[in-house]
Amino acid sequence: MIIGPAHPLRAGGITTFNERLCRAFLDAGHDALIYSFSLQYPNFLFPGKSQFTDAPPPEGITIKTVINSVNPFNWLKAGRMIKREKPDLIICRYWLPFMAPALGSILRIVGGSRQNITVIADNILPHEKRLGDKLFTHYLIPPVSRFVVMSQKVMQDLRGFTLKPARQVPHPLYDNFGGKVPVQEARQQLNDRYQLGLQPQEKLLLFFGLIRDYKGLDILLQALPTLDTTDCRLIIAGEWYIDKKNYEQYLTDPQIASRVVMFDHFVPNDDVKYFFCAADCVIQPYRSATQSGVTPVAYHFDVPMIVTNVGGLPELVPHTKAGIVCEPEPYAIGRAIDAYFDIGAEVFLPGLQTVKKKLSWETLVQTLLDFNDRNDEDGD
């Protein structure tokens, strides 16, 4: 049983991850289902335009929309429902301390006497820190049997809270967005669907995903006027989860605006392949990071990356092999972009393919099953 957001919620990569993990368990011959949220965030706390998607539900996956993140009476009900199911393995997703009161209470009600509760932690502490983060995270930990993390940074953060058994597994590929399409077809599709005005021969960078301050979009925008590379533009594809007004000084600068193609909406799953396949390079100019769900999408579509030297980003994008690693400041990012186009994408493709082979859902499923069978083993 996976506890975490799923359709019709659109919690970025976490929803996609949960549904893909559930399918991986089913493909391996196990019974699997997801307990999702009936209310994930109160509307006044949600930074985006909508918490829900209009896309059809994933076929063949059972999703029970049960958990209310702010209603303690619901936590009691949800915990009892899960306990009655008697799952052999409970996998709880943890990405934000706001969810710890609900998840920690539910897991206490379920009970850990069978040592069958595993938390997959995207973060232990959030990128954007808030009062109460540490207290809430401490509340989550006692009923948990073991942890799985996807970067060394999260493992280090976890060890500041607990010495419970933990293992690190690379974030698997997001291979559920369809197959690759030719570059020119992808650009034409985006032009036809969204009138982006992409040119056949121009060099295109892609900044993809929900826009938050820690992702460093402002640093990247400041880097654009420093480029020696001509005919290079940046596609920004993602919904604003911060105040766009704070970025107007960059987006209205003629030197920057001429190099930017803006698609500031949530990208439907069916269109993800077009954005990645249209790009020559995916760029992640993050100020801080644990791991990024953008990276395994780029690997799936064989697009090299430029990432900053923060958190777990360099672990999955080896420098000069699958892309370029640079410091999170405008001049360094500008030089990395110039170097990337001077070298050419073809140089990075062999290294990218080598890393890609290690990022399988089968590995994650087997790790979760083996770890559940070795309750007394510290897999750190």
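Read-outs: derived from the displayed coordinates by stated rules, not from any lab. From a predicted model like this one, the values you see are computed outputs, not experimental measurements. No Cβ is skipped: glycine too gets one built from the backbone with ideal geometry, and neighbour counts run over all protein chains shown.
Mind checking the angle between helix 72-85 and the chain's longest principal axis? C-alpha axes, 0 to 90 degrees, to the nearest 10.
Compared with the principal axis, the helix lies near 70 degrees.
What relative contact order, as a whole-number percentage, does region 127-247 give when Cα pairs under 8 Å and 6 or more residues apart are counted?
This gives 20 percent for region 127-247.
Compute the distance in nm between two label points, each set 7 Å from the Cα along the Cα-to-Cβ direction, one at ILE242 and one at ASP228.
The answer from the label model is 3.0 nm.
Could you list PHE208, PHE136, PHE161, PHE17 so that the one with the fewest beta carbons within 10 Å of its beta carbon is first and the one with the most is last?
Ascending number of Cβ neighbours within 10 Å: PHE161, PHE136, PHE208, PHE17.
Evaluate the relative contact order of the chain (contact order divided by residue number), counting alpha-carbon pairs under 8 angstrom at least 6 apart; express in whole percent.
15
Only helical DSSP H runs with n ≥ 4 go in: add -39500 (n - 2.57) per run for the chain, normalise by residue count and round the 222 nm mean residue ellipticity to 500 deg cm²/dmol.
-10000 deg cm²/dmol
Take the Cα of THR252, step 7 Å along the line toward its Cβ, and report every residue of region 198-237 whose backbone nitrogen sits under 15 Å from that point.
From region 198-237, the list is empty.
For the chain, just run the numbers: alpha carbon Rg, then divide by 2.2 N^0.38 Å, N being how many residues it has.
0.99
Most exposed first by the Cβ proxy, i.e. fewest other Cβ within 10 Å, how do LEU96, LEU352 rank?
Ranking LEU96, LEU352 by Cβ neighbours within 10 Å, fewest first, gives LEU352, LEU96.
Determine, from the Cβ-Cβ distance of VAL70 and ARG130 and an R0 of 25 Å, the FRET efficiency 1/(1 + (r/R0)^6), rounded to the nearest 0.05.
0.95
With the Cα gyration tensor of region 183-356 giving a ≥ b ≥ c as the square roots of its eigenvalues, does the rule (a/c under 1.5 for rounded; else a/b larger than b/c for prolate; else oblate) give rounded, prolate or oblate?
rounded
For Cα pairs less than 8 Å apart in space and 6+ apart in sequence, what is the mean separation divided by the residue count of region 183-356, i.e. the relative contact order in percent?
Here the relative contact order equals 24 percent.
For a footprinting-style exposure proxy, rank TYR299, TYR174, TYR241 by other Cβ within 10 Å, fewest first.
TYR241, TYR174, TYR299
Considering only the other residues whose Cβ falls under 12 Å of the Cβ of ILE333, what net charge follows from Lys and Arg at +1 and Asp and Glu at -1?
-2
Starting from the amide H of ALA166, placed 1.01 Å from N in the peptide plane, find each other amide H under 5 Å away whose residue is 5 or more places distant or on another chain.
Those lying under 5 Å, H to H, from ALA166 are PHE147, GLY379, ASP380.
Taking the Cβ-Cβ separation of ASP213 and ASP27 as r and a Förster radius of 56 Å, what is the calculated FRET efficiency to the nearest 0.05?
The pair ASP213/ASP27 has a calculated efficiency of 0.90.
Gain in length, ALA339 to GLU327, computed as 0.36 nm per residue apart minus the alpha-carbon separation, to one decimal in nm?
Between ALA339 and GLU327, full extension yields an extra 2.9 nm.
What angle do you read, to the nearest 10 degrees and between 0 and 90, between the alpha-carbon axis of helix 100-110 and the longest principal axis of the chain?
Helix 100-110 sits roughly 40 degrees off the main axis of the chain.
Considering only Cα-Cα distances, which of the following residue pairs are longer than 20 Å: LYS153/LYS245; LYS321/LYS357; LYS203/LYS273; LYS180/LYS203; LYS215/LYS244?
The pairs that break the limit, which is 20 Å between Cα atoms, are LYS153/LYS245.
For LEU39 and ASP302, compute 0.36 nm times the residue count separating them, minus their Cα-Cα distance, and round to one decimal in nm.
Working it through step by step, the gained length comes to 91.1 nm.
At 20 °C and a viscosity of 1.002 mPa s, what translational diffusion coefficient does Stokes-Einstein give for region 154-238, taking Rh as the Kirkwood radius over Cα pairs? Give it in µm²/s as a whole number.
128
For LYS180 and ALA55, FRET efficiency with R0 = 25 Å and r from the beta-carbon atoms, rounded to 0.05?
Rounded to the nearest 0.05, the efficiency is 0.75.
Within the set of other residues whose C-beta is less than 14 Å from the C-beta of GLY13, count the net charge using Lys and Arg as +1 and Asp and Glu as -1.
In short, +1.
How far, in degrees from 0 to 90, does helix 13-27 lean away from the longest principal axis of the Cα atoms of the chain, to the nearest 10?
60
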